[in-house]
Every structure is written in C-alpha cells, then in structure tokens.
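First comes the structure, then the notes that go with it.
The values are calculated or read from the model by the stated rules, or taken from the named source; none is laboratory data. Not measured: the values here are computed from a predicted model. Quick reminder, even Gly has a Cβ in these numbers, built from the backbone with ideal geometry, and neighbours come from all protein chains shown.
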Amino acid sequence: MKTSIAVCGTGIAGLACALALARRGQQALLLGPRPTLRPADPETYHPRVYAISLASQRLLASLGAWDLMPPARLARVEAMEIRGDAGGRLNLSAWQSAQQELAWIVESGEIERALIQACQVMGIPWVAEKFSSLDHGVLVTDHGTRIEADLMIAADGAQSSLRAAAGLAADVRPYGVTGLVAHFTCALPHQGVALQWFRADGVLALLPMPDTRDGPQVSMVWSIKEPLANELLAMAPEALAAELALRLAGATEGRLGALTLRSPLHGFALTLSQTPMIGPRIALVGDAAHRLHPLAGQGLNLGLGDVQALAEIIGTREPFRSAGDPLVLRRYRRARAEPVLAMRLVTDGLQRLFDVQATPVAWLRNIGLDLVERLPFVKRQLIDGASR
Ligand SMILES: Cc1cc2nc3c(=O)[nH]c(=O)nc-3n(C[C@H](O)[C@H](O)[C@H](O)COP(=O)(O)OP(=O)(O)OC[C@H]3O[C@@H](n4cnc5c(N)ncnc54)[C@H](O)[C@@H]3O)c2cc1C
C-alpha cells in the first residue's frame, strides 16, 4: 500500500492530524485501532475530560468536529480560582478580557466520536491495525500489512512504538506522582469556575462539568505522590467514596459543599518527556512528541498545536518538495520549539515550586499568587495565555 502521509495512532492527536491534512488536500491515511466508544448516556460521563483551550476549540471547529459534539456535553470555564498552600490566591475571569469563556471542559470520548465522524465524512482511509515494525523505512502492521509513505507521523502516544522503531530517543523523567481522575456530584453549584489548589501534598483541580440529575458535577484531577495514590486506587468502592469525600472536604475547605463520588477512580503515572520532534521522513505529534505535568491542563492542547502547525507547513510547502522532505520537517521542528519549551518550563517550574516544603519557598510562592492578583496587566496577560 502506498500513500503520501501515514498517520500512526488514532487518539485525538492522530485523528485531528489526518483530518487537518486531508482538509488541506493531502493524501493521508490513518493507521491504528478503532477506539471503542460507549454510546453517550445522559447520566454517565467518560472518565477522561480535557480542558480545551480556545485555540484547540477553533482548530476542532475548523475540522468540522466541534459542531458534531452535543452542546449538553460541553461545559464552559468562565473563571478560574487558584489557591496556594499558605493563603495565596489568584482569580481569573473571562469577562475581565471581554470573553465568554476561558476554556471548555469536554470528555475525551465525545471529541474522539466527533473526529471519527468527521474522518468518515472526509473519506480518510483507515487501516485498523497496529503498527508493529519498520522494514527498510516501510511501516509493517501486526497483520503484516506494509505501508509505504513519504512521511510517517507518530501520533501513537507517550509509549510511541513508531518513535522507538525510528530510533528517536525520548528523554523521560517520571515525577513519582499519579494523576487521579474521577467525577463528583457537588452540593453547591460550580458556576463555571475551575478551581485549583496548589498544596504541599499535590495539586488538586475541580473542573466544571455539565449538571446531572443528581446535581452539579465536577471532574477532579488530583496529582499526588504514588504511594498515597496506590493506596486510594486499591480501596473498595464504598471505603474509597468515604475517604475521598473526607480528604477533599479538607483540601477544598468546603468550597463546593459535600462532594460525592459518582464514577470509578482512575490513575495515570505522570512524566515529563521530550523528543527531537522529527527524524528522517518522520514527525512526532501529541504525547509521542512530549509529555507534561497536567497541572495546567495543556498536554492535549499542545498536541493539537503540533497538528495545526504540521498541517499548515505541509500544506504550504513548495510543490517540488515531498511531505517528508528534511527541510519541511525542520520547519515543523522550528515552529514548535518555542511553544513546547514554554509549556514545559511553566508546568515543570510550577510542579517543582510547589513540591518544595521549605517555609520561605511556600511563603514566596503564595506572595507570587497574591502579587499577580493585584497587577491587572499581568492578570490580563495570564487570562489571554490561559484562553489561547
Ligand atoms: C491526569 C491527566 C489529565 C490531563 N488533563 C488534560 C487537560 O485538561 N487538557 C489537555 O490538553 N491535556 C490534558 N492531559 C494530557 C492529555 O491526556 C494527552 O496529552 C493526550 O491524551 C494525548 O493524546 P494523543 O492522541 O497524543 O495520545 P493518546 O491519547 O495516548 O493516543 C495514542 C493513540 O495511539 C494508538 N496506538 C498506540 N500504539 C499504537 C500502535 N502500535 N499502532 C497504531 N496505533 C497505536 C492508541 O490506540 C491511541 O489511540 C492530561 C493528562 C493526564 C495524565
């Protein structure tokens, strides 16, 4: 089988990448398993939800996917409240920047469903097999199918097999921290506010979700040290619900009233990783290219930024260059260097800053939050950054 571009990986980054390329008139093929999507149920929410930035929303809209998602499953983030561990506090709100929202909270399953539909509409060829090896530059699947492409795009996630087969090293640093995610019914309305607590024992976020029959709902992302996370993940459902209710009541100081667990608890090992982004006839996008601490909710947004840049650079290349031309790939690496580094520095820096227990550091980081709170110009910059 021959194609101009083969996109390996059928998560959100891979699906969006194939679509963005096809929309620019490129011949792109998808290689990867078809995600198994549960039918949408009004009272059950996909365990993974993402804070989708306005830039990602615009990209998904331009790919024809945003409007395919039911509005009832989307939640606006109208404001953010960030609290430090010694009284520091920062409030950001969309109206301060004359915007309707800072970001959207969307379930992973809904984005995938919409992207798959859009791929079907565009008639993108899909080889529903797994990449297995490279044979003299030809992609070979676990079913023995051989795919020859001018450009191979690795969108097959943090453990990318294509990246490894191409001999591209990933510099991986485990944080020793697990990201716990679960949904809760809360006693008080969240009013579209994303809440975040930077605490000495980890970073806790409660993201606004659509209301349910039981009441208002939030999604938790709680990054804590592995031993405690493992203890919680091993608990029986009833004991876990009671333990989480107690711990969250303390951590949130009752900000949303009682929190009742309404989903299973999932844990994700958190790592920081970086890669060269490109290799001979190969480009990396999404988690295959980089991984971040989720405290800023930006991993997928960064991956969608890769997709947008790569599709644009490939779509506007000189007619005599192939999609895998080294110069085209270097343009992509250059375009992504700054945004990837900036996001890495911010998320890793914040994680380290709040990991330090020493009192002067704790005092300083809280003063920092308070200071930003009192500087309207800096605040506006932050709001614009958060919603970009
Ligand atoms: C706790 C937590 C919270 C987060 N919250 C946010 C947030 O709020 N906002 C945000 O922007 N980001 C967030 N992130 C980051 C986000 O989860 C990732 O950046 C995103 O899921 C990466 O998508 P991807 O498509 O690159 O990779 P993946 O989702 O890992 O998809 C990889 C795909 O490749 C396929 N694949 C694997 N192996 C092969 C193979 N051999 N052949 C073919 N296909 C293969 C898989 O089936 C899968 O479909 C969070 C992460 C964590 C851990």
Among the residues of segment 25-73 satisfying the criterion of being polar (S, T, N, Q) and part of a loop (DSSP other than H, G, I, E, B), which is nearest to Gly123 (Cα to Cα)? Gln27
Checking the conditions here, which among Leu139, Leu134, Leu115, Leu102 is of a type outside the set (Gly, Ala, Ser) and not assigned by TED's automatic domain parsing to the domain that holds Ala22? Leu102
Looking at the structure I just gave you, is Ala22 in a helix (DSSP H, G or I), in the same structural domain as Ala155 (by TED's automatic domain parsing), touching a residue at least 12 places away in the same chain (Cβ under 8 Å) and within 12 Å of the ligand (Cβ to nearest atom)? no
Of the residues Thr44, Thr10, only one is more than 17 Å from the chain's Cα centre (by Cα) and hydroxyl-bearing (Ser, Thr, Tyr); which? Thr44
Looking only at strands (runs of 3 or more DSSP E) that fall completely inside segment 74-151, which ones have 1 or more residues that are touching a residue at least 12 places away in the same chain (Cβ under 8 Å) and within 11 Å of the ligand (Cβ to nearest atom)? 75-77, 103-107, 131-135, 138-141
Counting only residues in segment 155-190 that are farther than 23 Å from Arg48 by Cα and surrounded by 23 or more Cβ atoms within 10 Å (Cβ to Cβ), the one farthest from the ligand (Cβ to nearest atom) is identified as Arg163
Does Pro294 fit the bill of being near the ligand (Cβ under 9 Å from one of its atoms), surrounded by fewer than 23 Cβ atoms within 10 Å (Cβ to Cβ) and not small (Gly, Ala, Ser)? yes
Scanning for something touching a helix residue (DSSP H, G or I) at 6+ places or on another chain (Cβ under 8 Å) and of a type in the set (A, V, I, L, M), does segment 244-251 turn up at least one residue? yes
Quick check: is even one residue across segment 288-299 among the hydrophobic types (A, V, I, L, M, F, W, C) and over 19 Å from Ala51 (Cα atoms)? yes
